Every structure is written in C-alpha cells, then in structure tokens.
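Working notes, beginning with the structure itself.
The values are calculated or read from the model by the stated rules, or taken from the named source; none is laboratory data. Quick caveat: nothing in here was measured; it's all calculated off a predicted structure. Note: ideal-geometry Cβ built from the backbone for every residue, glycine included; neighbour counts use all protein chains shown.
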Amino acid sequence: MTERLVGKEAPRFEMEAVMPNKEFKTVSLEENMKNDKWTVLFFYPNDFTFVCPTEITALSDRYEEFAELDAEIIGVSTDSVHTHLAWINTDRKENGLGTLNFPLASDKNMQVSKSYGVLIEEEGIALRGLFIISPEGELMYSVVNHNNIGRDVDETLRVLQALQTGGLCPANWKPGQKTL
C-alpha cells in the first residue's frame, strides 16, 4: 500500500542543480523553508525528450508569476547536472531549453524521486509529478501523471493561489473569487 504524502511533512531533499546562471549549486527544501518560500517541485522523465521541454520552458516563461507568489520552482530528473547543462545550452529551436529562470536538479541516486513516489524503478526515471510545499514544509498538493502528458502552468498557478488563500476554494475557483 502506498503511503499518502499530502497533508504531511514533505520529504526533505538536497540535490546538486544547474542554476539559472548555469553554475552548479545545491538546492534544498530546507533553504526554501528558511527563506519562507513556497516550493513548486516538479519531476520529469528525461532531458532531451519531446514533452519535457514544452512544460519546462512554459514554467520558466511564467517564473515571475510564481516569484510574485513567494514560490520557488525546482525541476528534477534522474539525469546528471552535466546533461541538464548541455540541454540548457541547446537552443529552444533545436529542442533545447535555452535560458531558464529556475534550477534543474539532478536526482542521480533516485532517492528523491523514490521518496516522492514518482520513480519508475525498472527504467530509472521519474513520472511527471508536481508537488506544492508550504513554507512550513507541509506537502499541500500532489499530482502525478503518465509521462506522455504535459502539465498546465495556469492550473499550477491557480492551485498555488488557492492554497495561499487559506480558505475553502470551491470547484472552478479562480484567483480573486470568494472562498467558502
């Protein structure tokens, strides 16, 4: 039986990542918590694939909207930071990422993917999982889907804003609407 994560303390992580300035640095949930930031942690299967760059660049292009909501985005795959950097250094027109506004982290030992329940062990890759973690470290939202379907940035922003209201948000709630 799979253990639920939502509503519990999020699994802590620390991973090497390629930062927006293309330097290698460590990213961690603890750092975001210390800075009183929400964390949007998303997993994707592999660098240099077809669906992944569409959602990674879509998130990067909307990064300022997340920053305005005191949220940090961290992308994660089981590829190395060197592969991440090569993909970032590849132009978007050539299926690359180009400049990114958030870090891409490497989960080479697959422990973070496993702790968040997204690891496909027999393939050594992650499913498309997206997790929103409060500044206090509580895992507030989780969605995991098959690797052939990309995620919706608008929906991620809507859910983040709904969580930040602290209220009860009815079906089809949109930012600016009343909560229950």
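List of remarks:
- Count of the stretch 154-167 residues, restricted to those that are surrounded by 17 or more Cβ atoms within 10 Å (Cβ to Cβ) and either charged (D, E, K, R) or under 19 Å from residue 53 (Cα atoms) (or both), is 2.
- Residue check for residue 96: buried (at least 16 other Cβ atoms within 10 Å of the Cβ) and not in a helix (DSSP H, G or I): yes
- Any hit, the stretch 51-72, residues being assigned to a strand (DSSP E or B), at pLDDT 95 or above and either surrounded by fewer than 16 Cβ atoms within 10 Å (Cβ to Cβ) or under 14 Å from the mean Cα position of the chain (by Cα) (or both): yes
- Subset of the stretch 120-131 [crowded, with 16+ Cβ neighbours inside 10 Å and either free of Cβ contacts under 8 Å to residues at least 40 places away in the same chain or out of contact with any helix residue (DSSP H, G or I) (no Cβ under 6 Å at 6 or more places or on another chain) (or both)]: 125, 127, 128, 129, 130, 131
- Of 146, 82, all but one fail to be touching a strand residue (DSSP E or B) at 6+ places or on another chain (Cβ under 8 Å), surrounded by fewer than 19 Cβ atoms within 10 Å (Cβ to Cβ) and over 15 Å from residue 13 (Cβ atoms); the exception is 146.
- Screening residue 115 on (1) under 28 Å from residue 9 (Cα atoms); (2) touching a helix residue (DSSP H, G or I) at 6+ places or on another chain (Cβ under 9 Å); (3) among the hydroxyl-bearing types (Ser, Thr, Tyr) shows it passes everything except condition (2).
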